[in-house]
Amino acid sequence: VKTRLFYLHAIIGKMPKIGILGGGQLGRMLLQAAANYPVQTYVLENDPECPAAHLCHEFYRGDIRNFDDVYRFGKQLDGITIEIESVNVEALEKLESEGVKIFPKPSALRIIRDKILQKQFYKENDIPSAAFRITEKRDDLKKFSDFLPAVHKLASGGYDGRGVQLLEGDKDIHLGFDMPSVLEKKVDIHKEISQIVAINGAGQTALYPPVEMIFNPILNQLDYQLSPAEIPQQTTWRIEAIAMKVVKDLKTPGIFAVEFFIDRNGDVLVNETAPRVHNSGHHTIEANFSSQFDMLWRIMLGYPLGNPKHIVHAAIVNLIGCDGYSGEAKYEGIDDILKMENVFLHLYGKKETRPGRKMGHATILSPEKSDLVFKAKSIKQKLRITSFQPQTTV
Ligand code: ADP
């Protein structure tokens, strides 16, 4: 099929109207980038005080999982994108059939939002990913005793590590989920990598340099992220080729974060794909020529793709709410980290902090890895997000 770049702006002869389902930090940063383009922006979200609310032209209060709310919101728009997968796909399908452009297409969203369908998609398309079994209820795990150690993952509703449970052996079966899930062979992980890929309506692609997530084994959370990843050139090529195949096979324009494991043998396996802008691409705002947010606007508005290459090496640290504090957020140590050379602060404007809540991130730029790592560690110590209320007991 011959698809041509469409210049939405020119085609519809007026300012295009693009909506975002969800109003969190991804929507917020997307809207910051939208300010550079001729576009009218809309957000649908339940919480009128959400991070994206005051940056869009029009805010609509509603539930992104509700058919009527999404349909009513979308009917007035030329295009829609998402910042989270748990949206009403049926409404998006109806809107698509009525001519609204959806990024990513609902057909791709259906595959990705369900981990069972996502794993089957990898298998059917010969995309390397860890072996898996499907379970409908917890009891099914007993049949797969020989398959352990494995990681049990809820088919839907999991997010940020919730809905993921390591089962080392039979003794852990009671920890498994009593709902449709995927049981995935435990991978002996050497590195976790994210590859962001952009693809436009004409099928042209842009690959960002892969980035590397460094985990803190004691806290079991992301310590910091490095861009570009320190991996052999051969591995980069393999990752790029697989990521490219994932997005081509999903058959939709949009921006994608394909997450990979590199195992101890150097083999590359897809963990999962996010069909949207992603936490692992936040450094692209300062560190790459065209950020992931800028890129998605180019795709949605039908403009030429931007340059994904990095200008300088970068690290990202997530800024999360301190343990023991809930309530109106208080930021301690902003001066200390802004004093550091080439450190950029992004606070998401969330009113309330909670232990472990993602409240912002800091990007560090430097050609020296030791400088990136040193600054990442000191930012984690110096910037504390607490609350104005007295410390709660946890
Ligand atoms: P989420 O979508 O909640 O981020 P993931 O599927 O990415 O969930 O899993 C969260 C983390 O669990 C991964 O980053 C990885 O560290 C670990 N993990 C997931 N799958 C496996 C696996 N098959 N083997 C080993 N570790 C895994």
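How would you classify region 171-235 from its alpha-carbon gyration tensor, with a ≥ b ≥ c the square roots of the eigenvalues: rounded for a/c under 1.5, else prolate if a/b is greater than b/c, otherwise oblate?
Details: a/c = 2.63, a/b = 1.50, b/c = 1.75.
Taking the square roots of the gyration eigenvalues as a ≥ b ≥ c, region 171-235 is oblate.
Just the accessible area per residue of region 7-77, please: how many Å² with a 1.4 Å probe? Could you put the intermediate results ahead of the total?
On the way: 3310 Å² over 71 residues.
Solvent-accessible surface per residue comes out at 47 Å².
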(request) Rounded to whole Hz and in sequence order, give me ³J(HN,Hα) for region 274-279 from the Karplus expression 6.51 cos²θ - 1.76 cosθ + 1.60, θ = phi - 60°, writing x for Gly and Pro. (result) 10, x, 6, 4, 9, 3
(message) Springs between alpha-carbon pairs under 10 angstrom, Gaussian network model over the chain: which of ASN307, ASN200, ASN88 fluctuates most?
(response) ASN307
(request) In whole Hz, with x marking every Gly and Pro, tabulate ³J(HN,Hα) for region 328-339 from phi via Karplus 6.51 cos²θ - 1.76 cosθ + 1.60, θ = phi - 60°. (result) 4, 6, 10, 9, 10, x, 4, 3, 4, 7, 6, 5
(request) Determine the calculated [θ] at 222 nm for the chain from helices alone, applying -39500 (n - 2.57) to every DSSP H run no shorter than 4 residues and normalising by the residue count; nearest 500 deg cm²/dmol. (result) -7500 deg cm²/dmol
(message) Under a crude label model (7 Å from the Cα following the beta-carbon direction), how far is ILE189 from ALA202 in nanometres?
(response) 3.9
(message) Skipping prolines and chain starts, which residues have an amide H placed within reach, meaning under 5 Å, of the one on SER290, given they are 5 or more residues away or on another chain?
(response) ASN307, LYS309
(request) Along Cα→Cβ, 7 Å out, is where each label goes; now give me the distance between the ones at ASP126 and ARG72 in nm to one decimal. (result) 4.9
(request) May I ask you to evaluate 6.51 cos²θ - 1.76 cosθ + 1.60, the Karplus curve with θ = phi - 60°, for each residue of region 204-214 and list the ³J(HN,Hα) values in order in whole Hz, giving x for glycine and proline? (result) 6, 10, 9, 10, 7, x, x, 10, 10, 8, 9
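Counting other Cβ atoms within 10 Å, which GluC sites (Glu not before Pro) in region 305-379 have at most 14 and lie in a DSSP loop? Mind showing how you got there, number by number?
Details: sites: GLU328, GLU332, GLU341, GLU352, GLU368; in loops: GLU341, GLU368.
Answer in residue order: GLU341, GLU368.
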(message) I'd like to verify something in the chain: which complete DSSP H helices, judged by Cα projection on the helix axis, reach 15 Å or more and average at least -1.0 on the Kyte-Doolittle scale?
(response) 233-250, 369-382
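Kindly state, to the nearest 0.05, the FRET efficiency for GLU230 paired with ASN342, given R0 = 25 Å and r defined as their beta-carbon distance. Walk me through the numbers before you get to the answer.
On the way: r = 20 Å, r/R0 = 0.78.
Using R0 = 25 Å, I get an efficiency of 0.80.
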(request) Hey, can you grab everything whose amide H is under 5 Å from the amide H of ALA155? Only 5+ residues off in sequence or another chain; H modelled, so Pro and N-termini drop out. (result) SER181, VAL182
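Can you give the extra length, in nm with one decimal, that the chain gains between ASP323 and LYS171 once fully stretched, where that is 0.36 nm per residue apart less the Cα-Cα distance? Please list the in-between numbers first.
Numbers: separation 152, 0.36 × 152 = 54.72 nm, distance 3.04 nm.
Full-extension gain reported as 51.7 nm.
Is region 219-317 best put as rounded, prolate or oblate by its Cα gyration tensor, with a ≥ b ≥ c the root eigenvalues, rounded for a/c under 1.5, and otherwise prolate when a/b is larger than b/c, oblate when not?
Details: a/c = 1.69, a/b = 1.24, b/c = 1.36.
Oblate, because a/c is 1.5 or more while a/b does not exceed b/c.
Taking a ≥ b ≥ c as the square roots of the eigenvalues of the Cα gyration tensor of the chain, is the shape rounded (a/c under 1.5), prolate (a/b larger than b/c) or oblate?
Rounded, because the longest to shortest axis ratio a/c is under 1.5.
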(request) Leaving ligands, DNA and RNA out of it, report the carbon-plus-sulfur percent of the accessible area of region 121-192 at a 1.4 Å probe. (result) 50
(request) Determine the gain in length on full extension of the stretch LYS382-LYS248; use 0.36 nm per residue of separation and subtract their C-alpha separation, reporting nm with one decimal. (result) 43.9 nm
(message) Please list, by residue number, every one of the GluC sites (Glu not before Pro) in region 154-233 that is coil in DSSP and has at most 14 other beta-carbon atoms within 10 Å.
(response) GLU168, GLU230
(message) Using a 1.4 angstrom probe on the protein heavy atoms only, could you order LEU117, LEU30 from most to least accessible area?
(response) LEU117, LEU30
(message) Please give the Cα centre distance for region 110-128 versus region 199-254, rounded to the nearest Å.
(response) 17
(message) Per residue, how large is the accessible surface of region 156-218? Use a 1.4 angstrom probe and give square angstrom.
(response) 48
(request) Take peptides 60-66, 147-153 and line them up by average Cβ neighbours within 10 Å, highest first, as a rough protection proxy. (result) 147-153, 60-66
(request) Give the long-range amide H neighbours of LYS101: residues separated by 5 or more places, or on another chain, with amide H under 5 Å away, using H modelled in the peptide plane at 1.01 Å from N. (result) GLY79, ILE80
(request) For the chain, set up a Gaussian network in which alpha carbons nearer than 10 Å are linked by springs, and say which option among PRO38, PRO308, PRO217 fluctuates the most. (result) PRO217
(message) With just the Cα atoms defining each centre, how far is region 344-394 from region 19-98? Give it in Å.
(response) 27
(request) Once you have the Cα-Cα distance between TYR60 and ASN220, take 0.36 nm times their residue separation minus that, and quote the gain in nm to one decimal. (result) 53.9 nm
(message) Testing the spin-label approximation: label points 7 Å from Cα along Cα→Cβ at GLU90 and GLU136. State their distance in nm.
(response) 2.2
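Could I get the Rg over Rh figure for region 78-182? Both from C-alpha atoms, Rh via Kirkwood, rounded to two places.
Details: Rg = 16.3 Å, Rh = 15.2 Å.
Using Cα coordinates only, the ratio equals 1.07.
The values are calculated or read from the model by the stated rules, or taken from the named source; none is laboratory data. Model, not experiment: these values are computed from the prediction. Quick reminder, even Gly has a Cβ in these numbers, built from the backbone with ideal geometry, and neighbours come from all protein chains shown. Quick note on the areas: whole protein, heavy atoms, side chains included, nothing else; ligands and nucleic acids left out. Shrake-Rupley method; radii C 1.70, N 1.55, O 1.52, S 1.80 Å.
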